[in-house]
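> Pasting a structure here, questions to come.
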């Protein structure tokens, strides 16, 4: 009987310690949620993406091709 009482006492102590640890985890989670409150999470709707017209995509493509041509022109042949 004495061993059983000691076991129960130890289990209660362990339960109390675990509850304190869980309380600390809850506090930490709440702090992180406050920090992340301004950022859109996976459950929040996102802003719609802007779409570019075909002409704008063409201008961007031509400008990038001109940049790469300038870079290649500056390289010495190997």
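Where a number appears in this text, it was derived from the coordinates with a stated rule and is not lab data. From a predicted model like this one, the values you see are computed outputs, not experimental measurements. Because the Cβ atoms are built from the backbone with ideal geometry, glycine has one as well, and the counts that use them run over all protein chains shown.
> Could I have the simple spin-label model distance between residue 26 and residue 61, label points 7 Å from Cα toward Cβ, reported in nm to one decimal?
With each label placed 7 Å out from Cα toward Cβ, I get 5.8 nm.
> So what's the back-of-envelope 222 nm ellipticity for the chain, counting only DSSP H runs of four-plus at -39500 (n - 2.57) apiece and dividing by all residues, rounded to 500?
Computed ellipticity for the chain at 222 nm equals -25000 deg cm²/dmol.
> Taking 7 Å along the Cα-to-C-beta vector as the label spot, tell me the residue 18-residue 4 distance in nanometres, rounded to one decimal.
Distance between label points: 2.1 nm.
> State the extension gain, in nm to one decimal, for the chain segment bounded by residue 53 and residue 75, taking 0.36 nm per residue of separation less the distance between their alpha-carbons.
Numbers: separation 22, 0.36 × 22 = 7.92 nm, distance 3.37 nm.
So the extension gain works out to 4.6 nm.
> Rounding to the nearest 10 and keeping the result within 0 to 90°, find how far the Cα-based axis of helix 2-35 lies from the longest principal axis of the chain.
Between helix and principal axis, roughly 30 degrees.
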